[in-house]
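Participant: Before I ask anything, here is the structure I am working with.
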Amino acid sequence: MALKFEVLGRFNRARAAQLTLPHYLCQTPLFMPVGTQGTIKGLTKNQLEEIGCQIILGNTYHLALRPTSELIDELGGLHKFMNWPRALLTDSGGFQMVSLLHLADITEKGVTFQSPVDGKPMLLTPEESIQIQNRIGADIIMALDDVVRTTITGPRIEEAMYRTLRWIDRCIAAHKRPNEQNLFGIVQGGLDPVLRDICVRGLVERNLPGYAIGGLAGGEDKDSFWRVVAQCTAALPEDKPRYVMGVGYPLDIVVCSALGADMYDCVYPTRTARFGTALVPEGVLKLKHQAMANDIRPIDPMCECMLSRDLHSSIVEGRFPEFVCKFLQTMFPKGDVPEWVCNAMEVAGIDISSCCREMRFDVDKSSTL
Amino acid sequence: MEQRKSPVRGSAAGQLSFPNSDSRSAPHNPQRPARFHLSGPPYLLSSFSGFSPAPVQPASLLPCFFSSLEGISPKTISNIGGLHQMLSLHQHIFAAVPRDSIIALPEHDSTNKYGASFQTPGGRLLIKPAEYVELVSSMKPDFWVTLADEVPAWVSDKRNRTSVDRTLRWLDDCLSLNKTGTTIFGSIVGGSSIEERHRCAQEVAQRNVSGYWIGGFGLGESMDERAALLTAVTDNLPEDMPRHVSGLGLPEEVLQGVAAGIDLFDSTYVYHLTLGGFALTFPLERNKGDNADYQLSDSGGDDMKINLKATIYRKDTSPIVESCNCFTCQNHTKAYLNHLFNVHEMLAQTLLEIHNTHQYLGFFCSIRKAIEEGKFEQFRRNFVESRRECLFAAASSD
């Protein structure tokens, strides 16, 4: 264990905390921008510090390809290579394998795929993934999991969940730097509450430094999405960080935080910026549109790093419900807050009636949410 | 607007000042000086088409060019308040020049008596003096250059003469259309004809302008023929007025221009270096024997620059130049830049542009210093000779 997690303030399930990592002292809830190849596209480290980035995600698959984890190790680790003084997190490489390589195949051994460099058959095992991440040297490393899309149904989901549990033991065994790097386990199980429950219990038994909720943000409907998050956050230990992978839109971040999650990552803000879309409190601004050509007002950005800072301080200062209401009112000035948000906030115990035109109460309160 | 102290023929160091335009507001700098002072020519001006306004920290003010014949509408630029406001670069000096060596090259075949033609990414554009003046007035630059008919060195004598006639006519048009009394540089062309260069320079010298822009260079002529053409122009210009040339970027070309009496330069040299992944490395103090340790190999570098994409830099944890105090050299290694270039990341060019601009500005600083110490000719000789030595060494080591 190489982290400390101290809750500073709460509102029902939402919590604001201090997460002390080897390279940086972070405030949660926090958002981690994705710096795939060892850089957040186009931004210097000074600019990143200025906008309040605390943790950056590095991508194991891409970095192992170029410039290779051995080179990064030889030059002193990714922090030194990038000259990034704050925290880093690397994912396992598994997701890219599955999403980028159509010839990837998952077996008990690991993920087999064709090397994009020379076409040779290759195998990424849990052991190999952890070794690569050990060489890269990030503060938080992710276990290799068997991730399936939530849009899939059938026995594959169960198979993936059990395999994830078997693989976590292999990851733990292979981890050579537990005092410097924190290995997070990832909860799988699709949209099935029974499977999710088994997975959570299994991971919690291993007493890991932190836990991620995986397999979401892949096209499932929002109503299913928030319920899985709610179930997992209710079952995961209070005193460890919870990371919802692949989230996302500002609205999703606010809802998940209300339900008790602490960390997020997504390519959304950086990707949408490249397409000329600005994130603003009211939603988005498509800057390339003709309508913007003669608009001489500034953008008025709500950077996701800023959003997480606001989340943290509003919880600590005891005004979280007011923050949520203001957020929703700005985003939905006509009061048309989506139903899934209303339901989630009901479970989170936050009164948003002032923001909604009409409240809907159809949540089954006897469930394990 | 301007004054030049110590007018020494050929290479002179002086001061160039611009009055503070009242129409500009600088909300963050309430105590602005009444005038901008740029200490002594020559200056490097760069066209900011492309890279983000990265944290360049010039020792003195950095004059910039902005060339825009298409894209954002003049009315919108006006509404914003002009270039300084739009780019949020209130401490900078802007010059408006129609020619942009990256995106708006003069198309002499299509230029006619109505206007000058330019080849741009959006197609060919014809701009008339009146339109040009309107565009310029919306930008509110510190000074601007009159519309010119630039032709390359190989056109016919007749075409060349026409270009001089047209340029003079457009100069007069611009002067008469200049309602706001802004600072204007008169354009001088003349191609590769000494006589035409003389003629044009003499004519322009009689007009009521604040400085001179010398066009038609950097369009394919050789360095050898250029020297005589430059002096043919500068010989006819008053000593105490600034002279600006576009399109001369190589250090040797700059030195040639300075020797002929040029004060301001703009070129795409740095831009193209950065695009290719080349980092400037020549030492700014050119003493003999300094440049023994350069890497001349298949990497494509030489004593002046290195190719950051080359595999020899994969594990190089040193900065591009040890003694350089630009942001990039203070924070990053060649290895990191090599990686960024190899994976085609945007940050590679941002960081490299910062360094290259910094180095190149440093070069101009050295030139100014050499002039002030009365050692310019020696400085130039040393520079050119050590280049020759390196190339000779490279050739003989093959």
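Participant: Only residues that are acidic (Asp, Glu) and either open to solvent by 90 Å² or more (accessible area, probe 1.4 Å) or farther than 20 Å from A:GLN18 by Cβ (or both): list them for segment A:273-318, please.
Facilitator: A:GLU282, A:ASP295, A:ASP300, A:GLU317
Participant: Looking at (1) open to solvent by 50 Å² or more (accessible area, probe 1.4 Å); (2) within 10 Å of chain A (Cβ to nearest Cβ); (3) out of contact with any strand residue (DSSP E or B) (no Cβ under 9 Å at 6 or more places or on another chain), which one does B:ARG380 not meet, given that it meets all the others?
Facilitator: The number of the failed condition is (2).
Participant: Identify all residues within segment A:10-30 that are in a strand (DSSP E or B) and either open to solvent by less than 10 Å² (accessible area, probe 1.4 Å) or within 14 Å of chain B (Cβ to nearest Cβ) (or both); write none if there are none.
Facilitator: A:ALA14, A:ARG15, A:ALA16, A:ALA17, A:LEU19, A:CYS26, A:THR28, A:LEU30
Participant: Please state which of the following conditions A:SER353 fails to meet, knowing it meets all the rest: (1) in a helix (DSSP H, G or I); (2) open to solvent by 10 Å² or more (accessible area, probe 1.4 Å).
Facilitator: Among (1) in a helix (DSSP H, G or I); (2) open to solvent by 10 Å² or more (accessible area, probe 1.4 Å), the lone unmet condition for A:SER353 is (1).
Participant: Looking at A:ILE132, A:ILE141 in this structure, which one is assigned to a helix (DSSP H, G or I) and within 21 Å of A:LEU21 (Cα to Cα)?
Facilitator: A:ILE132
Participant: What residue, among those in segment B:125-175 that are in a helix (DSSP H, G or I), among the small types (Gly, Ala, Ser) and touching an Asp or Glu at 6+ places or on another chain (Cβ under 9 Å), is most open to solvent (accessible area, probe 1.4 Å)?
Facilitator: B:ALA130
Participant: Next question. Collect the residues in segment A:47-74 that are within 16 Å of A:LEU88 (Cα to Cα), aliphatic (A, V, I, L, M) and either touching a strand residue (DSSP E or B) at 6+ places or on another chain (Cβ under 7 Å) or within 11 Å of chain B (Cβ to nearest Cβ) (or both), keeping them in residue-number order.
Facilitator: Selection gives A:LEU48, A:ILE55, A:ILE56, A:LEU57, A:LEU63, A:ILE72.
Participant: Does A:ARG201 satisfy being of a type in the set (Lys, Arg), farther than 23 Å from A:GLY260 by Cβ and in a helix (DSSP H, G or I)?
Facilitator: Answer is no for this residue.
Participant: Then there's this: Tell me, yes or no, whether segment B:278-292 has at least one residue that is within 14 Å of chain A (Cβ to nearest Cβ) and modelled with pLDDT of 80 or more.
Facilitator: So far as segment B:278-292 goes, no, none of its residues is within 14 Å of chain A (Cβ to nearest Cβ) and modelled with pLDDT of 80 or more.
Participant: State which residue is most open to solvent (accessible area, probe 1.4 Å) when the search covers only segment B:312-338 and only residues that are free of Cβ contacts under 8 Å to residues at least 12 places away in the same chain and assigned to a helix (DSSP H, G or I).
Facilitator: Ranking the candidates gives B:GLN330 first.
Participant: Please enumerate the residues belonging to segment B:339-352 that are within 7 Å of chain A (Cβ to nearest Cβ) and open to solvent by 30 Å² or more (accessible area, probe 1.4 Å).
Facilitator: B:ASN342, B:MET346
Participant: Further question: For segment B:249-277, which positions are aromatic (Phe, Trp, Tyr) and either open to solvent by 10 Å² or more (accessible area, probe 1.4 Å) or at pLDDT below 65 (or both)?
Facilitator: B:TYR269, B:TYR271 - these are the residues of segment B:249-277 that are aromatic (Phe, Trp, Tyr) and either open to solvent by 10 Å² or more (accessible area, probe 1.4 Å) or at pLDDT below 65 (or both).
Participant: Then there is this: Would you check which residues across segment B:71-92 are part of a loop (DSSP other than H, G, I, E, B) and either within 13 Å of another protein chain (Cβ to nearest Cβ) or in contact with a Phe, Trp or Tyr (Cβ under 6 Å, 6 or more places away or on another chain) (or both) and list them?
Facilitator: Within segment B:71-92, B:GLY71, B:ILE72, B:SER73, B:GLY81, B:GLY82, B:SER88 qualify.
Participant: In segment B:106-124, how many are touching a residue at least 24 places away in the same chain (Cβ under 8 Å) and part of a strand (DSSP E or B)?
Facilitator: Count: 4.
Participant: Please determine whether any residue of segment A:38-46 is out of contact with any Lys or Arg (no Cβ under 6 Å at 6 or more places or on another chain), in a loop (DSSP other than H, G, I, E, B), more than 13 Å from every other protein chain (Cβ to nearest Cβ) and at pLDDT below 95.
Facilitator: Looking for residues that are out of contact with any Lys or Arg (no Cβ under 6 Å at 6 or more places or on another chain), in a loop (DSSP other than H, G, I, E, B), more than 13 Å from every other protein chain (Cβ to nearest Cβ) and at pLDDT below 95, one finds none in segment A:38-46, hence no.
Participant: Among the residues of segment A:176-195, write down those that are touching a Ser or Thr at 6+ places or on another chain (Cβ under 8 Å), crowded, with 24+ Cβ neighbours inside 10 Å and outside any strand (DSSP E or B).
Facilitator: Once the filter is applied, which keeps residues that are touching a Ser or Thr at 6+ places or on another chain (Cβ under 8 Å), crowded, with 24+ Cβ neighbours inside 10 Å and outside any strand (DSSP E or B), segment A:176-195 yields A:GLN188, A:GLY190.
Participant: Another question about this same structure. Among the residues of segment B:327-338, write down those that are more than 10 Å from chain A (Cβ to nearest Cβ) and out of contact with any Gly (no Cβ under 9 Å at 6 or more places or on another chain).
Facilitator: B:CYS329, B:LYS334
Participant: From the residues in segment A:238-266 that are under 10 Å from the mean Cα position of the chain (by Cα) and of a type in the set (Val, Ile, Thr), which one is surrounded by the fewest Cβ atoms within 10 Å (Cβ to Cβ)?
Facilitator: Restricting to residues being under 10 Å from the mean Cα position of the chain (by Cα) and of a type in the set (Val, Ile, Thr), the top hit is A:ILE253.
Participant: Filter segment B:96-117 down to residues that are within 24 Å of B:LEU264 (Cβ to Cβ) and at pLDDT 80 or above and give me whichever is farthest from the other protein chains (Cβ to nearest Cβ).
Facilitator: Going through the qualifying residues, I end up with B:HIS108.
Participant: When you check B:GLN359 against the structure, is it within 13 Å of chain A (Cβ to nearest Cβ) and assigned to a helix (DSSP H, G or I), yes or no?
Facilitator: Taking the combined requirement at face value, the residue does not satisfy it.
The values are calculated or read from the model by the stated rules, or taken from the named source; none is laboratory data. What you are looking at is a predicted structure, and each value in this text was computed from that prediction instead of being measured. Note that we place each Cβ from the backbone using ideal geometry, even for glycine, and neighbour counts take in every protein chain shown. The area values use the complete protein model at the heavy-atom level, side chains included, leaving out ligands, DNA and RNA. Shrake-Rupley method; radii C 1.70, N 1.55, O 1.52, S 1.80 Å.
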